[in-house]
Amino acid sequence: MSALAEAFEVQITGLRLEAEGVISLELQAPDRQPLPAWTAGAHIDLLLPSGLVRQYSLCGDPEDRRRLRIGVLLEANGRGGSREVHGALRLGQTLSIRGPRNAFALGAEGPYLFVAGGIGITPIMAMAREASRRGAEWTLLYGGRSRRSMAFIDELQALGGGRVEILPADEVGLLDLDAVVASAAAGKQVYSCGPAPLLDALTARFSEAGLDERLHLERFAPAAPVAGAAGDSLRVILARSGGEVEVLPGCTIMAALRAAGHAVASSCEQGVCGMCETRVLDGVPDHRDSLLTESERAKGNVMMLCVSRALTPTLTLDL
Ligand code: FES
């Protein structure tokens, strides 16, 4: 499991309107010292002044250690985080962040097909930059509602030229997912981030085609409502510290561990960020996260403590 991440202060040194409803924030250390290293696909936790904590993918350049950049879509009907970012944050303000950490790393194997929907372009842009740096073969399909709503178009075209297809739905319709599956069948590794309907459709098609191994996703929200507290009681054995914790119905494993005095790192607590991933040494997890692939689940050697439970009365964890 990840060490408990320390929060640290950054200053907002850039704030730009990138598209309709999308702003970018550039963050630097208040003393302008280098920031922690990160890799394409990583995200940070933004600790907002109201106390809300939200995860945002980094869309800048990992080689630039003095600046982090995120893109934030205003979600009028969201849970309030993006409204606060858009409405209350100001240039020059300091705020705390945690991370960066990466649950959506770019594998070494190409060629790559990147598929971004809307604000899902943020981690994908960093990946495209990394693929270029590696000299790898890559292409990007970037879909969105309309050209006006799609951030970073000029920057992407400068980066990839003809490798980047800008596909606004009001001009060309929805992304051609059959073509995406065909590219994967021809050997491409597909990395996608975007709204749930896009990712659900890709997951279903890749599963039908037996190509799950070539699909790599990052979700903003759980694929289905999570019920990590629902289920029978179970016993968790902590292999390293030697303790045992009873997890009662109505309580998540994470909450039970914390109540027993064990520190457990978390961020999203919805099974999407990977921060609470923990090795399972014995027992069978009941995976309820939106992160692990079918083959990772089948191996059964890691689980997300915030939402997942157990199919066996006992789990032994590497804690
Ligand atoms: Fe994010 Fe558990 S805290 S997956």
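Only the coordinates and a few stated rules stand behind these numbers; no lab work does. Everything quoted here is computed from the prediction, not taken from an experiment. We place every Cβ from the backbone using ideal geometry, glycine too, and count neighbours over all the protein chains shown.
Quick rundown of the values:
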| item | result |
| --- | --- |
| Residues in the stretch 301-316 reached by a label modelled at Arg240 [backbone nitrogen below 20 Å; 7 Å Cα→Cβ] | 301-308, 315-316 |
| MRE, 222 nm, helices only [DSSP H, n ≥ 4, -39500 (n - 2.57), over the chain, to nearest 500] | -6000 deg cm²/dmol |
| Label-to-label distance, nm, for residues given as Leu52 and Gln157 (7 Å Cα→Cβ offset) | 3.3 |
| Percentage relative contact order, the stretch 1-75, counting C-alpha pairs under 8 Å, at least six apart | 29 |
| Shape category assigned to the chain from the gyration tensor of Cα positions, a/c cut at 1.5 | oblate |
| Global form of the stretch 216-319, assessed from the alpha-carbon gyration tensor, a/c cut-off 1.5 | prolate |
| Charge sum, other residues only, whose C-beta stays under 9 Å from Leu46's C-beta, Lys/Arg counted +1 and Asp/Glu -1 | +1 |
| Within the chain, percent of DSSP bridges classed antiparallel, to nearest 5 | 60 |
| Label point 7 Å beyond Cα of Arg205 along Cβ direction - residues of the stretch 214-248 with amide nitrogen under 18 Å | 214-219 |
| Dipole of the chain, positive end: most advanced residue of Met150, His86, Val307 [Cβ charges, Cα centre] | His86 |
| Within-13-Å neighbourhood charge of Arg32 [Cβ basis; K, R +1; D, E -1] | -1 |
